[in-house]
Structure formats: C-alpha cells, structure tokens
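Since the structure comes first, as structure tokens, the remarks are kept for the end.
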C-alpha cells in the first residue's frame, strides 16, 4: 500500500476513536441531565464508531499493513443544552465526511482500487450519518418551537 494512503488510513482510525470518545462524552452529558433516550442514542453512536475503527483495523491487517496508534485528542464538553450537543455532533459528522472524502482521494491518487472500493462504503455510511443528524436537529428545533408556542400560550392563558 502506498505510504501516504497507509498514513491516511491510520489517521482515520484515530478519527474514529476520537468520535467514539466524543459520543461517549455526549452520552455522559445526557445521563447527567436525565435524558436516557439521548444517552442511549449516543452510546449507540459510540459503538458504531468503535466498530468502524475495528473494520479499518481489520482491513489494514488483511492487507498486511502496519498500524500506528496515535494519541486520542480530548473532546470539548462545554455544551449548554441538547440542541448544542446535537449541533456539535453534526459539525463533527461533517468533519468526518470531509476526512473520509480525503481518504478516498488519496486512495484514488495511489490508484488503489481495492482501497477506493473499501473507502466508498465508509463514505456512503458517513453520508447517511450526516443526514441522520440533520434530521434530528430539525426535529429538535421544531420541538423547541412547539414548546415555545405552548409556553407562550400558557402565558396568555395565565394573563386572562
């Protein structure tokens, strides 16, 4: 495997571990504010990211390549509300999409058809994940609007 491509795969494994770490932190945030459904959702996302890292690891082992384990960055955990957490998650998923596109470009540049096919699958999964977070944020924002309208109605009713 091309050296630059191998480095990019190792970097992607690190990104996947960071993602798991980030989602685990988000799960903890939701646990602390007693939102078990969101907590469980983020635990599931954590598992997905760890599974992805494992699959890339297995792919590199299959190709008899060297794995490099780098330090995992500490995630920022200064969220102020549910919407903020999901906005951070969407930003991260969009970042991950950019990283996987870059990995694909490097595989293409190396003319490594097997790697391109493998990364294509990762790319499709990441596109789905970005779409999923966008839908969740849309639903959260709509729920906030509905809640705000109900609160406003309560104020009107109380003033009568």
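The values are calculated or read from the model by the stated rules, or taken from the named source; none is laboratory data. Only a predicted model underlies this, so the values are computations on that prediction, with no experimental measurement involved. Counting neighbours? That spans all protein chains shown, and the Cβs are built from the backbone with ideal geometry, glycine included.
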- Would you be able to say whether some residue in segment 104-116 is within 25 Å of residue 26 (Cβ to Cβ) and either surrounded by 14 or more Cβ atoms within 10 Å (Cβ to Cβ) or free of Cβ contacts under 8 Å to residues at least 40 places away in the same chain (or both)? no
- Answer yes if at least one residue in segment 30-38 is free of Cβ contacts under 8 Å to residues at least 12 places away in the same chain, within 19 Å of the chain's Cα centre (by Cα), closer than 24 Å to residue 80 by Cα and surrounded by 12 or more Cβ atoms within 10 Å (Cβ to Cβ), and no otherwise. yes
- Please work out which residue is farthest from residue 18 (Cα to Cα), limiting yourself to segment 79-135 and to residues that are outside any helix (DSSP H, G or I) and at pLDDT 95 or above. 111
- Task: Go through the residues of segment 49-66 one by one and say whether even a single one is closer than 23 Å to residue 4 by Cβ, in contact with a helix residue (DSSP H, G or I) (Cβ under 8 Å, 6 or more places away or on another chain) and modelled with pLDDT under 95.
- Result: yes
- Message: Considering only segment 143-152, I want to know if a residue exists there that is part of a helix (DSSP H, G or I), closer than 26 Å to residue 45 by Cα and modelled with pLDDT under 95.
- Response: yes
